[in-house]
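Here is the structure we will look at, set down as structure tokens.
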Amino acid sequence: MARLFGTDGVRGLANDKITAELALGLSIAAAQVLGQPARTVGRKPKAVVGRDPRASGEFLAAAVIAGLASAGVDVHDAGVLPTPAVAFLTADMDAHFGVMLSASHNAMPDNGIKFFAAGGHKLPDAVEDEIAALYGKDWVRPVGAEVGRVHRNRAGQARYVAHLLAALPNRLDGLTVVIDGAHGAASAVSPEVFRLAGADVFEIGCEPDGLNINDGYGSTHLEHLQEAVVTRGADFGIAHDGDADRCLAVDAAGEVVDGDQIMAILALAMKDRGALADDTLVATVMSNLGLLQAMSREGVTVLKTGVGDRYVLEKMREGNFSLGGEQSGHVIISDHGTTGDGVLTGLLVAARVAATRTPLAELAAVMTRLPQVLVNVKGVDTARVESDETLQAAVATEVVALGDNGRVLLRKSGTEPLVRVMVEAATQEQARAVADRLAAVVKDCLASAPPVS
């Protein structure tokens with residue numbers, strides 16, 4: 001049976017897969033699992049609930065809150081806030097767990113339910129599976145004074161903003177910044193905190209109406225931000241996604257600064273301040289070879305993980321590392337948060353620009369992005385990716401030919417019958433040629449066996 005939880009909570013089409021009934025039942029199951037430590041010491045569990053501004057979040061949050069309270073959990077309804085703000089408040093308010101309703105960068109019709117453990121940490125697979133196992137099962141209902149109470153917590157944004165400002169190493173006076181809030185959860189928070197930090201701020205994509213989240217704005221649609229930065233003569237722009245756990249940037253000329261470049265900038269800034277634990281950065285296997293080369297030159301070790309911020313987080317916690325992230329803009333600064341935080345990331349990039357009086361483009365030039373081509377080969381037997389000798393020989397041949405100026409990565413999808421072929425090379429043409437050759441080999445070698453008649 002497929003897992004109920006995916007790589008980042010439970011996500012899908014709202015009121016289809018993600019229903020009020022699902023939200024209610026999952027919350028009741030989560031209350032039993034995540035609230036148990038409180039009950040063992042005679043306390044009533046406490047939870048923080050937040051959401052992004054998409055319309056379906058209104059009824060789903062109501063269902064989550066009802067489920068938790070009916071299961072004996074005191075609920076602090078924080079309203080519309082970024083995902084990292086809910087993680088922060090879970091820790092800051094000493095709550096036993098947190099719940100975020102968001103589908104991140106997905107289009108408005110989708111939504112999702114994500115749980116945080118005490119301290120604001122993402123749940124391990126085993127705990128998610130424990131919650132899933134209790135979903136829909138009989139349970140003991142509290143009565144009388146044992147039912148949970150619901151508190152409207154509207155001080156959460158102010159507490160989160162204060163937390164962000166406290167993380168800044170210096171002010172942003174003199175900078176002009178364009179903020180694209182994706183009509184999402186960062187729409188109020190990000191412009192406010194940048195202004196409080198001293199920057200002059202222009203806003204786009206900061207008028208959520210419940211229906212327009214991620215619609216043509218945000219980190220997956222950078223064209224409006226690029227235009228606004230150039231037109232306004234701003235120093236740079238910051239783009240968030242719907243729940244503000246990621247950040248991409250645009251320099252003064254309108255060029256995109258991706259998550260790898262942002263990590264390079266922050267790694268050197270933290271290294272200069274003595275804040276980069278063990279002079280180590282944690283990144284995924286999809287990070288550009290240019291990042292690895294740049295960090296090697298600068299004396300920073302890069303540890304690589306599988307794709308997904310949860311794997312980055314696991315590696316960071318294992319080694320007590322302070323910086324990690326993904327090319328997509330999920331960046332985790334563990335001294336100030338337990339999850340990717342797009343607002344914090346943007347602030348720290350801005351702080352580096354302000355402190356060094358160096359344009360963002362120049363800071364980003366510490367690394368050179370090698371051209372990267374990704375080809376998805378569908379309908380193949382993914383189980384034989386690493387064992388097929390002909391395929392591995394073809395990969396080895398291409399790797400030798402690329403030498404130190406490129407690399408090859410074959411990765412099977414965890415959810416679909418496809419293999420992802422990623423190639424980096426000195427030129428786009430070379431990367432495309434190698435990727436196409438290897439994709440053809442994958443298709444030939446891993447063709448799924450025909451059904452038995």
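Just a few scattered comments:
- Residues in segment 243-259 that are closer than 21 Å to Met295 by Cβ, assigned to a strand (DSSP E or B) and in contact with a Gly (Cβ under 8 Å, 6 or more places away or on another chain): Cys247, Leu248, Ala249.
- Segment 150-163 - residue that is part of a helix (DSSP H, G or I) and under 18 Å from Val49 (Cβ atoms) and, of those, most open to solvent (accessible area, probe 1.4 Å): Arg159
- Unmet requirement for Val147, which otherwise passes all of (1) open to solvent by 10 Å² or more (accessible area, probe 1.4 Å); (2) closer than 13 Å to Ala239 by Cβ; (3) over 21 Å from the mean Cα position of the chain (by Cα): (2)
- Residue match in segment 84-98 (condition: surrounded by fewer than 24 Cβ atoms within 10 Å (Cβ to Cβ), among the small types (Gly, Ala, Ser) and within 19 Å of Asp241 (Cα to Cα)): no
- Residue tally, condition free of Cβ contacts under 8 Å to residues at least 40 places away in the same chain and over 24 Å from the mean Cα position of the chain (by Cα), over segment 17-55: 6
- Exclusive hit being out of contact with any Leu (no Cβ under 8 Å at 6 or more places or on another chain), open to solvent by less than 20 Å² (accessible area, probe 1.4 Å) and either at pLDDT 90 or above or closer than 22 Å to Arg246 by Cα (or both), set Ala351, Ala364, Ala401: Ala364
- Restricted to segment 322-348, and to residues there that are open to solvent by 30 Å² or more (accessible area, probe 1.4 Å) and either more than 14 Å from the chain's Cα centre (by Cα) or without any contact (Cβ under 8 Å) to a residue 60 or more places away in the chain (or both), the residue that is nearest to His121 (Cα to Cα) is Ser334.
- The condition (being more than 20 Å from Val349 (Cβ to Cβ), surrounded by fewer than 20 Cβ atoms within 10 Å (Cβ to Cβ) and either without any contact (Cβ under 8 Å) to a residue 24 or more places away in the chain or under 19 Å from the mean Cα position of the chain (by Cα) (or both)) is satisfied by just one residue among Gly306, Gly319: Gly306.
- Strands (runs of 3 or more DSSP E) contained entirely in segment 323-431, each with at least 1 residues that are among the aliphatic types (A, V, I, L, M) and touching an Asp or Glu at 6+ places or on another chain (Cβ under 6 Å): 407-412
- Selection from segment 195-205 of residues that are in a loop (DSSP other than H, G, I, E, B) and in contact with a helix residue (DSSP H, G or I) (Cβ under 6 Å, 6 or more places away or on another chain): none
Yes/no matrix, rows are residues, columns are (1) in contact with a strand residue (DSSP E or B) (Cβ under 8 Å, 6 or more places away or on another chain); (2) under 16 Å from Leu248 (Cα atoms):
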| position | (1), (2) |
| --- | --- |
| His330 | no, yes |
| Ser334 | yes, no |
| Asp341 | yes, yes |
| Thr345 | yes, yes |
| Val353 | yes, yes |
| Leu363 | no, yes |
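- Segment 130-144: number of residues that are open to solvent by 60 Å² or more (accessible area, probe 1.4 Å), in contact (Cβ under 8 Å) with a residue 24 or more places away in the chain and part of a loop (DSSP other than H, G, I, E, B): 4
- Selection count, segment 204-237, where residues are of a type in the set (S, T, N, Q) and buried (at least 21 other Cβ atoms within 10 Å of the Cβ): 2
Matching residues to (1) touching a residue at least 24 places away in the same chain (Cβ under 8 Å); (2) within 15 Å of Ser322 (Cα to Cα); (3) part of a helix (DSSP H, G or I):
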position: Gln261; (1), (2), (3): yes, no, yes
position: Ala264; (1), (2), (3): yes, yes, yes
position: Asp278; (1), (2), (3): yes, yes, yes
position: Leu281; (1), (2), (3): yes, yes, no
position: Ser287; (1), (2), (3): yes, no, no
position: Ala294; (1), (2), (3): yes, no, yes
position: Gly299; (1), (2), (3): yes, no, no
position: Val302; (1), (2), (3): no, yes, no
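- Considering Ala166, Ala249, Ala182, Ala188, the condition of being surrounded by fewer than 24 Cβ atoms within 10 Å (Cβ to Cβ) and in contact with a strand residue (DSSP E or B) (Cβ under 9 Å, 6 or more places away or on another chain) is satisfied by Ala188 alone.
The values are calculated or read from the model by the stated rules, or taken from the named source; none is laboratory data. As the structure is a computational prediction, the values presented were derived from the model and not from experiment. Cβ atoms come from the backbone with ideal geometry, glycine included; neighbour counts cover every protein chain shown. These area figures cover heavy atoms from the full protein model, side chains too; ligands, DNA and RNA do not enter into them. Shrake-Rupley method; radii C 1.70, N 1.55, O 1.52, S 1.80 Å.
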